[in-house]
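The values are calculated or read from the model by the stated rules, or taken from the named source; none is laboratory data. Since the model is a prediction, treat every value here as computed from it, not as a measurement. A quick note on method: Cβ atoms are made from the backbone with ideal geometry, for glycine too, and the neighbour counts reach across all protein chains shown. Please note that ligands, DNA and RNA were not included when accessible areas were found on the heavy atoms of the full protein model with its side chains. Shrake-Rupley method; radii C 1.70, N 1.55, O 1.52, S 1.80 Å.
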Amino acid sequence: MCSRILITSGPTIEPIDPVRFLSNRSSGQTGFHLAAEAGRRRLGPVTFITGPTVFLPDDVELIQVESAQEMRAAVNEHFPASDVTIMAAAVSDYRSLKYYPEKLKKRGERLTLELAKNPDILLELGRAKRRGQTLVGFAAETEDIFANAQRKLEAKNLDLLVLNEISAENPAFGMVENQVYLVSADGVRKLEKMSKALVAARVWDEILALRGRNG
Ligand code: CTP
């Protein structure tokens with residue numbers, strides 16, 4: 001049904017020195033299940049661009065990257081040919097301003113590390129999106145979740161936003177189960193807490209429905 005699919009997954013890691021990096025708690029399970037479900041449904045060839053994770057799907061064009069800047073370069077190369085793009089990766093918002101080529105030695109009681117903002121890959125894709133391309137983003141929010149989701153849907157020109165409410169009851173990151181909301185121009189739909197494999201199936205149901213409606 002869709003010809004070409006691009007999925008990003010996992011965390012990015014931002015090097016500080018040869019042995020240290022900044023990253024986040026993303027396990028890569030959601031992206032993995034989105035690719036596996038696309039394969040089961042035979043939706044089309046999948047390009048899978050991922051940060052470091054053990055969750056690597058079969059039967060995809062696999063591109064492994066580390067930093068946000070590497071992910072951006074790989075995504076920009078494959079986005080123009082993609083019909084459905086799903087940015088499930090937890091891209092680090094900031095990187096160390098400086099890469100220290102020698103291992104940082106411990107010195108004083110405090111160390112200040114200056115960070116530089118990473119490019120927002122999804123925002124750039126939203127600006128470059130053409131007719132017929134479907135763009136799906138994720139959001140992790142802890143407060144004003146629906147207002148923030150609506151703002152991201154519009155600002156990033158998304159067709160669908162998968163909204164995670166991060167709380168003690170639903171940590172989401174690294175867990176097998178997740179409770180999400182599907183946010184689109186049609187409104188907000190709450191899904192029950194379910195396995196990430198089932199979340200992936202429901203996300204694909206929604207993408208195919210949206211693409212069906214938009215011709
Ligand atoms: N994303 C991206 N590039 C970044 C940061 C995020 O492409 N530098 C994408 C993620 O893949 C995800 C979406 O943007 O699909 C939402 O990320 P999130 O961290 O929830 O929100 P941000 O837009 O980064 O905003 P904020 O951190 O202020 O909530």
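What to note about this one:
- Separation of alpha-carbon centers, segment 180-212 and segment 133-148, rounded to whole Å: 13
- Once backbone amide H atoms are built at 1.01 Å from N, Ala90 has Gly10, Thr12 as its partners under 5 Å, excluding neighbours fewer than 5 places away on the same chain.
- Computed lengthening from Asn157 to Leu208, 0.36 nm per intervening residue step minus Cα-Cα distance: 16.6 nm
- With kT/(6 pi eta Rh) evaluated at 25 °C and eta = 0.890 mPa s, and Rh the Kirkwood radius from Cα pairs, segment 152-214 diffuses with a coefficient of 198 µm²/s according to Stokes-Einstein.
- Förster radius 30 Å - calculated FRET efficiency between Glu177 and Asp59, Cβ distance, rounded to 0.05: 0.75
- If you run the Gaussian network model on the chain, springs between alpha carbon atoms under 10 Å, then out of Ala36, Ala128, Ala139 the most flexible one is Ala128.
- Distances between placed amide hydrogens fall under 5 Å for Asn118 paired with Tyr94, Arg95, all partners being 5 or more residues away or on another chain.
- Estimated D of the chain in µm² per second, where Rh is the Kirkwood radius over Cα pairs and Stokes-Einstein applies at 37 °C, 0.692 mPa s: 184
- When each of the peptides 82-91, 166-175 is scored by the mean number of other C-beta atoms lying within 10 Å of its residues, the order from highest to lowest reads 82-91, 166-175.
- Förster radius 41 Å - calculated FRET efficiency between Arg25 and Glu109, Cβ distance, rounded to 0.05: 0.90
- For the chain, the share of accessible area belonging to carbon and sulfur comes to 49 percent (1.4 Å probe, ligands and nucleic acids excluded).
- Summary value for the chain: 20 percent relative contact order, contacts being C-alpha pairs under 8 angstrom separated by 6+ residues.
- Solvent-accessible surface of segment 29-125, taken per residue with a 1.4 Å probe and all protein chains present: 59 Å².
- Rounded to the nearest whole angstrom, the semi-axes of the ellipsoid equivalent to segment 82-145, taken from the Cα gyration tensor as √(5λ), stand at 35, 16, 9, largest first.
- Here r is the Cβ-Cβ distance between Val188 and Leu123 and R0 is 22 Å; the resulting FRET efficiency, rounded to 0.05, is 0.55.
- Simple spin-label estimate for Glu143 and Ala197 in nanometres, 7 Å along Cα-Cβ: 3.8
- Hydrodynamic radius by Kirkwood, which averages 1/r over all alpha carbon pairs of segment 1-63, in angstrom: 12.4
- Cα-Cα over 29 Å, subset of Lys117/Lys193; Lys156/Lys190; Lys105/Lys152; Lys117/Lys156; Lys156/Lys196: Lys117/Lys193; Lys105/Lys152
- Residue with peak Gaussian network fluctuation, the chain [Cα springs, cutoff 10 Å], from Val203, Val162, Val188: Val188
- Arg131, Arg25, Arg202, reordered so the largest accessible area comes first (probe 1.4 Å): Arg131, Arg25, Arg202
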